[in-house]
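Everything below concerns the one structure shown next.
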Amino acid sequence: GVLYVIVRVAGRAGGPPLAVKRLPVELPADFTVTSADSMIPGTPLVDGMHVIVRVDQDGDAFTVQPGDLQGTVGPVSIGDEIEVVLGPAPTDGP
């Protein structure tokens, strides 16, 4: 499986995330997201972000299967330390 850390602008529906980090599944996990993780190079992180952490068993971010886990925290600001609690992933995707 894969641990995805997905950062989106709070309140914005659709479009590409600001940043995505793909990590091996090792829980608990410590991670830092920076502008180097931006989906579009040069896009800065902003205050008012939602952070979605997802454990995806098959490594495909576009599918959800029983046993996948997900948690969301936000809005958060640059530099905030957060804790994300995981539960069953919603069946409508990340």
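The values are calculated or read from the model by the stated rules, or taken from the named source; none is laboratory data. The structure presented is a predicted model; accordingly, all values stated were derived computationally and were not measured. Every residue, glycine among them, receives a Cβ derived from its backbone with ideal geometry; neighbour counts consider all protein chains shown. All accessible areas refer to the heavy atoms of the entire protein, side chains included, with ligands and DNA or RNA removed. Shrake-Rupley method; radii C 1.70, N 1.55, O 1.52, S 1.80 Å.
The table below lists the values:
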{"quantity": "Accessible-area composition of the chain, carbon plus sulfur, in percent [1.4 Å probe]", "calculated": "55"}
{"quantity": "Among (i) 64; (ii) 68; (iii) 57, the entry derived from the coordinates for percent of Cα pairs over 15 Å apart", "calculated": "(iii)"}
{"quantity": "Å² of accessible area per residue within the chain, as computed with a 1.4 Å probe and no ligands counted", "calculated": "61"}
{"quantity": "Area accessible to solvent at D47, 1.4 Å probe radius, in Å²", "calculated": "100"}
{"quantity": "Heavy atoms of L3 accessible to a 1.4 Å probe, total area in Å² rounded to 10", "calculated": "0"}
{"quantity": "Residue with peak Gaussian network fluctuation, the chain [Cα springs, cutoff 10 Å], from G71, G15, G42", "calculated": "G15"}
{"quantity": "Kirkwood-type radius of the stretch 18-60, with distances r between different C-alpha atoms, in Å", "calculated": "11.9"}
{"quantity": "Within the chain: Cβ-based charge dipole about Cα centre, in debye rounded to nearest 20 (Lys, Arg +1; Asp, Glu -1)", "calculated": "280"}
{"quantity": "Accessible area in the full protein assembly, largest first, 1.4 Å probe, for S77, S38", "calculated": "S77, S38"}
